[in-house]
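**Student:** What follows is a structure written as structure tokens; I'll ask about it next.
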Amino acid sequence: MRTADLVLADLAGVVRATFPDRDYSATVGPHTRAFADLELASIDLVVLAERLEAFYGRRLAFGPFLKGLRDRGADDLELGELVAFLQSQVV
Amino acid sequence: MPEVEVNGTRLFYQQAGNGPDVVLVHAVTSNQAVWLFSGLTDALAADYRVTTYDLRGHGGSGRPPTGYTSAVMADDLLALHAALGLGPAVLVGHSFGGVTAMHAAVVAPAAVAGVVLSDSFFPGLRHVEPNFGRMAIWTDLRDTFAKVGVALGDVVDFTRLFRETAALDADKLKALEDIYGAFGRGWLRQLPKLAETTCGGDVLAEAGLTAAALAGIAQPVVALYDEFSPFLSTCRWLEQHLSRCTVEIIPAAKHLAVLDNTAGFTDAVRRHLRRLTTAASTPV
């Protein structure tokens, strides 16, 4: 299975490529928050999901993952949680 | 990113599932994330090919300065429909998304198998809603903005909302973001961008979708209106004047049923879609 560090590196690269006009020069880590730190909005997560699917070359179960965030009243999404989700989806 | 160029702009879209075509059309100031985060896309993708997209000016789509009436939005929708090679589709539209869907049904009936409305107000039926300008959802918005010193006025004015938000300093915008929370941040950020367009006035224009045009829609229409909707008179009008209109009230919702009562709304949409698509495929 692809390690968490490698998936985090993948994710950081896709985030920077997806939002090239935003400054993500600081280190992106597992506790970096999508909304508070990266200042992403919910639609940005939809765009990012599409780019991650293109990156990994497969459909990923983002629908249930994102619905789960809302269902539990999450205020934010740490990238570590997104990494764990991606690890479960890609070999 | 999956996009199509239509009518001088580009539309960001997503598709999921297989089966009869269903297109989900969001409300003004919203975007297609609402369908994904509520789970409606996935719930429907089990049985349908679901297309979601961002209206012009919204989400990841282009933001031209003009063209935000239901007439142009319907043209955009139909151009997207053609570009993606969709069959006759059931359109599910929330609020202004429903107005767009109904306008598409008038303009291109062959492309629209049916419409499911979620709490839509029609400018062409303004006479049915004499208190439109002073509805509770605007009052709530006005009261929230007043907390950061912004006066929005007593009557619905989207243009004013967009321009006042664009004029906020960073501290006041942050204060509003804290009130609306992480998922409201995207909605707030969209407002100043819409101030650069004619959206505010356009979405309240009749634009040819008159009462007579609405009454002439022959496709099946499902009117899902919220229990605490400000537009229940509109719901009754549709039931009385359209030849094939079914009404269902979504409990515990006050204009955002997909979020206020996700389970109830999703169940209603699935039931009615099953009925509409079964009837369409049943030989006469």
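**Student:** How large is ³J(HN,Hα) for each residue in the range B:258-268, as worked out from phi by the Karplus curve 6.51 cos²θ - 1.76 cosθ + 1.60 (θ = phi - 60°), to whole Hz, x for Gly and Pro?
**Tutor:** Coupling constants for the range B:258-268: 4, 9, 5, 9, 4, 5, x, 5, 4, 4, 5 Hz.
**Student:** How large is the Kirkwood hydrodynamic radius of the range B:236-279, in angstrom, based on all distinct alpha carbon pairs?
**Tutor:** 11.6 Å
**Student:** With the dipole of the protein assembly as shown worked out from charges on the C-beta (+1 for Lys and Arg, -1 for Asp and Glu) around the Cα centre, which of B:VAL92, B:LEU238, B:ALA279 lies farthest toward the positive end?
**Tutor:** Positive-most Cα among the choices belongs to B:ALA279.
**Student:** How large is the charge dipole for the range B:187-284, taken about the Cα centre, if only the Cβ atoms of Lys, Arg (+1) and Asp, Glu (-1) carry charge, to the nearest 20 debye?
**Tutor:** Using only the charged Cβ atoms, the result is roughly 320 debye.
**Student:** If contacts are Cα pairs under 8 angstrom and at least 6 residues apart, what is the relative contact order of the range B:29-168 in percent?
**Tutor:** 14 percent
**Student:** Could I ask something else about it? Under 1.5 on a/c is rounded, so check that first for the range B:35-112, then, if it is not, pick prolate when a/b is larger than b/c and oblate when it is not; a ≥ b ≥ c are the square roots of the alpha carbon gyration tensor eigenvalues.
**Tutor:** Oblate is the answer for the range B:35-112, as a/c is 1.5 or above yet b/c matches or exceeds a/b.
**Student:** Please build a GNM for chain A, connecting alpha carbons under 10 Å apart, and tell me which residue among A:ALA34, A:ALA17, A:ALA74 fluctuates the most.
**Tutor:** Taking springs between Cα atoms under 10 Å, the residue moving most is A:ALA74.
**Student:** Using 7 Å Cα-to-Cβ label points, what is the B:ASP154/B:ALA79 separation (nm, one decimal)?
**Tutor:** Using points 7 Å along Cα→Cβ, the separation is 4.1 nm.
**Student:** Here is a further query. For chain A, what does the relative contact order come out to in percent, with C-alpha contacts under 8 Å and a separation of six or more?
**Tutor:** With pairs under 8 Å counted, the relative contact order is 50 percent.
**Student:** Which residue, B:PHE158, B:ALA110, B:LEU256, has the largest displacement toward the positive end of the dipole of chain B when charges sit on each Cβ (Lys, Arg +1; Asp, Glu -1)?
**Tutor:** The Cα lying farthest towards the positive end belongs to B:ALA110.
**Student:** Still on this model: What is the Å³ per residue value for the convex hull set by the Cα atoms of the protein assembly as shown?
**Tutor:** Looking at the protein assembly as shown, the number lands at 133 Å³ per residue.
**Student:** What size of dipole, in debye to the nearest 20, comes out for the range B:132-201 about its Cα centre when the only charges are +1 on Lys and Arg C-beta atoms and -1 on Asp and Glu C-beta atoms?
**Tutor:** 100 debye
**Student:** Let me ask something else about it. For a test of the definition: using alpha carbon positions, the gyration tensor, and the 1.5 limit on a/c, classify the range B:132-201 as rounded, prolate or oblate.
**Tutor:** Oblate, because a/c is 1.5 or more while a/b does not exceed b/c.
**Student:** Find the eigenvalues of the gyration tensor of the Cα atoms of chain B, then list the square roots of 5 times those eigenvalues as equivalent ellipsoid semi-axes, largest first, in whole angstrom.
**Tutor:** 29, 21, 18
**Student:** Of the candidates B:ALA151, B:ALA252, B:ALA182, which one comes out as most mobile in a Gaussian network treatment of chain B with C-alpha springs shorter than 10 Å?
**Tutor:** It is B:ALA182.
**Student:** Among rounded, prolate and oblate, which fits the range B:181-284 when a ≥ b ≥ c are the square roots of the eigenvalues of its C-alpha gyration tensor, a/c under 1.5 means rounded, and a/b larger than b/c means prolate?
**Tutor:** The shape class here is oblate.
**Student:** Among B:167-180, B:200-213, B:132-145, A:42-55, what's the highest-first ranking by average C-beta atoms within 10 angstrom per residue?
**Tutor:** Top of the packing list down: A:42-55, B:200-213, B:132-145, B:167-180.
**Student:** Right, something else. Using only alpha-carbon positions, what ratio does the radius of gyration of chain A give when scaled by 2.2 N^0.38 Å?
**Tutor:** My calculation over the Cα atoms of chain A gives 1.00.
**Student:** Give me the dipole magnitude in Debye, nearest 20, for the range A:4-89 about the Cα centre, with unit charges on the beta carbon: positive for Lys and Arg, negative for Asp and Glu.
**Tutor:** That gives the range A:4-89 a dipole magnitude of about 320 debye.
**Student:** Let me ask something else about it. Local charge sum around B:GLU206 (other residues, Cβ-Cβ under 14 Å, Lys/Arg +1, Asp/Glu -1)?
**Tutor:** Taking every other residue near B:GLU206 into account, the sum is -1.
FYI, it's all coordinate maths here, none of it is from the lab. Please read all numbers here as calculations on a predicted model, not as lab measurements. Reconstructed Cβ throughout: ideal geometry from the backbone, glycine too, with neighbour counts over all protein chains shown.
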